[in-house]
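The values are calculated or read from the model by the stated rules, or taken from the named source; none is laboratory data. Bear in mind the structure is a predicted one, so any value in this text is a computation, not a measurement. Methodologically, a virtual Cβ is constructed for each residue, glycine included, from the backbone with ideal geometry; neighbour enumeration extends over all protein chains shown. In case anyone asks, the SASA skips ligands and DNA or RNA and just uses the protein heavy atoms, side chains included. Shrake-Rupley method; radii C 1.70, N 1.55, O 1.52, S 1.80 Å.
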Amino acid sequence: MKGTCELCDRDEIELTTHHLTPRELGGSHLPIAYLCKSCHKQIHALYSNRELAFRLNTLLLLKDDEALKKYLKWIKKQPVTRAVKIRKSKTK
C-alpha cells in the first residue's frame, strides 16, 4: 500500500504497519502507525521492544525523541526512490 509515512511525512511511498506497542508486549490490538520501510527499520534499529512499549508508544513520543529527531530531519530530504542504509544503535 502506498501513502504518506506518519513519521517522516514523505508522500507516495510504500508503507508498513508498525505496532506502537510491540505485539510481543501486548500490542496486538492497540494502535498502529503506517510508516515507510526506512522509518520502520530505523525505529527498530534504535530502540528495544521494551523501550518502544513503555517509553515511545505514540507517534508524538517517537517524533520528540532526540535520537529519532536527527534521523527525521535527514530522511525528510531524501527522495522516496532512494534506498536508505539504516544504522544500528550502539546503546540498544
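May I ask you to verify whether Asn57 is out of contact with any helix residue (DSSP H, G or I) (no Cβ under 9 Å at 6 or more places or on another chain), open to solvent by less than 70 Å² (accessible area, probe 1.4 Å) and not aromatic (Phe, Trp, Tyr)? Working first, answer last.
Working: out of contact with any helix residue (DSSP H, G or I) (no Cβ under 9 Å at 6 or more places or on another chain): yes; open to solvent by less than 70 Å² (accessible area, probe 1.4 Å): yes; not aromatic (Phe, Trp, Tyr): yes.
Answer is yes for this residue.
Take the residues in segment 19-49 that are surrounded by 17 or more Cβ atoms within 10 Å (Cβ to Cβ) and over 11 Å from the mean Cα position of the chain (by Cα), then tell me which one is modelled with the highest pLDDT.
Within segment 19-49, the match that is modelled with the highest pLDDT is Thr21.
Please tell me if Glu14 is under 18 Å from Trp74 (Cα atoms), surrounded by fewer than 19 Cβ atoms within 10 Å (Cβ to Cβ) and touching a helix residue (DSSP H, G or I) at 6+ places or on another chain (Cβ under 9 Å).
Criteria not met by Glu14.
In segment 60-71, which residue that is modelled with pLDDT of 95 or more and either open to solvent by 100 Å² or more (accessible area, probe 1.4 Å) or closer than 12 Å to Cys8 by Cα (or both) is farthest from the chain's Cα centre (by Cα)?
Leu60
Assess whether Leu52 counts as being under 24 Å from Glu12 (Cβ atoms), open to solvent by less than 70 Å² (accessible area, probe 1.4 Å) and either touching a helix residue (DSSP H, G or I) at 6+ places or on another chain (Cβ under 8 Å) or at pLDDT 95 or above (or both). I'd like the intermediate steps shown before the answer.
Details: under 24 Å from Glu12 (Cβ atoms): no; open to solvent by less than 70 Å² (accessible area, probe 1.4 Å): yes; either touching a helix residue (DSSP H, G or I) at 6+ places or on another chain (Cβ under 8 Å) or at pLDDT 95 or above (or both): yes.
No; evaluated as a whole, the condition is false for this residue.
Which pairs do you get when a residue that is farther than 17 Å from Cys36 by Cβ, found in segment 56-78, comes within reach of a residue that is assigned to a helix (DSSP H, G or I) and open to solvent by less than 90 Å² (accessible area, probe 1.4 Å), reach meaning Cβ atoms under 7 angstrom, with the pair 6+ apart or on two chains?
Close Cβ pairs satisfying both conditions: Leu56/Leu62; Ala67/Leu46.
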